[in-house]
1. Taking other Cβ within 10 Å of each residue's Cβ, how do Ile357, Ile142 sort, fewest first?
2. Considering only C-alpha atoms, what is the centroid distance from region 355-384 to region 208-239, in Å?
3. For a Förster distance of 51 Å, can you work out the FRET efficiency between the beta-carbons of Ile402 and Asp127, rounded to the nearest 0.05?
4. Quick check: residue separation of Ala65 and Ala144 times 0.36 nm, minus the Cα distance between them. What number comes out in nm?
5. Just to verify a number: FRET efficiency for Glu52 and Leu203, C-beta to C-beta distance, R0 = 51 Å, to 0.05?
6. Can you put Tyr178, Tyr197, Tyr344, Tyr138 in order, fewest other beta carbons within 10 Å first?
7. Give the lysines whose C-alpha is closer than 25 Å to that of Lys418, dropping any in the same chain fewer than 8 places away, or say none.
8. Any idea which of Gly332, Gly380, Phe342 is furthest toward the positive side of the dipole for region 321-431, if Lys and Arg beta-carbons carry +1 and Asp and Glu beta-carbons -1?
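Computed from the coordinates by the stated procedures, all read-outs in this text should not be read as laboratory data. These numbers were taken from a predicted model, which means no experiment stands behind them. Quick reminder, even Gly has a Cβ in these numbers, built from the backbone with ideal geometry, and neighbours come from all protein chains shown.
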Amino acid sequence: MNAIILGMGLLGLLALGFILWPLLGHRKQSVTPLGDSLSAERQQANVSLYQEHLDELKANLARGAIDEDQYQTLLLEQQRALLEDSQSQAGHSTSSVSQGKLGLVLIALVLPVLASVWYWQQGAAQDWQITQDIAEKYRSDIAAMQAGRRPDKQPALALISRLQSRLESKPENQQNWYLLARTAMELQDYLLAIKAYQRLLQLAPNSGGIMAEQAQAMFLGNGNQMSPDVAAMVAKSLTLEPNNTTALGLAGIAAFEQKNYAMAIQSWRQALKFNLAQGENGQSSGTQALMGGIARAQELLGESGGGIEEPAQGAELSALPSISVNVEISEGIATSSDQVVFVYARAWQGSKMPLAIRKLSVADLPLTVTLDESMAMAPGMTIASVPELEVIARLSKDGGAIAQPGDWIGSSGMLELKGAPASVAIVISEMLP
């Protein structure tokens, strides 16, 4: 912003120079040739009139109408009148020139001020300031993240205030409405976010992505509870954008709440697939949340005796690759019966995304579980898709799907899928640093 102001100031000074240079550089010159001509004509007329009066005085003196003293007195009056007329004409010309110069100077000073005010109100100055606020918020968030503390809310609040002010004068700016909605979501001001998304949908009514984000704001604002309005908006969003991961995640939640675990798994698998295709890290919170949801839905689906469509359509489950894993916890590790244990297979080399996963509790152990194709996190990412893998059992300290320091794990080491033993024993005995 300082660079723009400096640039405007320099351009203003340059323009001011163009206006003032003729006035400063040619003070001794006449204002215009036309003005000089008119002034000379008036002066000549005054001289002619004076000469006529002088001739008349001389004639009266010769006839004896006036004496010598009277003649000298009247002659002096005529000379004084001629002098005053000449000075008046010169003063009038000088005054006109001065007034013209003063007008130009005033224009030169007022015009840049008016232009600056107009630019601030109607130009891009406020948009530039918004970008500066965004950059400041980003720097503040990064610094907070590096310091291990929560981001300061003040930069976000300042950005919201700036956006609201700008949208009052430019209500058709879709980008600013979207920035307002996203920033409000960060501050958990879901009511403001919903209003911004609604206004944005008025400007872009066929945006499936905006519908999905509004549905998410409504879901969170409703205390993480699915409602008919949210479900309807999710369905409409998926009609416009079938691969929208936000809408797929919400659709999985809606199905899970209705105990349609197969549909929930299908929705979350599809969301996970597209997240990974877009380059999202397999250890990100979003990916881990989807994986945890899939694992939980698979667990409940197994308890209910239901089934889902398997990756190898038409094949018998018994013919698909599978690994039996016997899991137990080493003696000496303090546990509680409600703690969560994740058992999963992943590629030995490459991505650490689980290829099959089961969620258990400490109360279930020791236990032998089977990892197979039906437990895949995403289509095409199954235990049959890699030549070498390992099986991990992790005792979660806080029940989260993401590994944390203080969790306890056990590993099978490298296993080749072909020729792998029918059963693998894993003892959870190592603490993650």
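1. On the way: Ile357 23, Ile142 11.
Lowest to highest Cβ neighbour count: Ile142, Ile357.
2. Here the two parts' Cα centres lie 31 Å apart.
3. Values: r = 39 Å, r/R0 = 0.76.
The pair Ile402/Asp127 has a calculated efficiency of 0.85.
4. On the way: separation 79, 0.36 × 79 = 28.44 nm, distance 10.93 nm.
Net length gain for the segment: 17.5 nm.
5. Working: r = 83 Å, r/R0 = 1.63.
Rounded to the nearest 0.05, the efficiency is 0.05.
6. Ranked by crowding around the Cβ, least crowded first: Tyr138, Tyr178, Tyr344, Tyr197.
7. In chain and number order, the partners are Lys352.
8. Sorting the options by dipole projection puts first Gly380.
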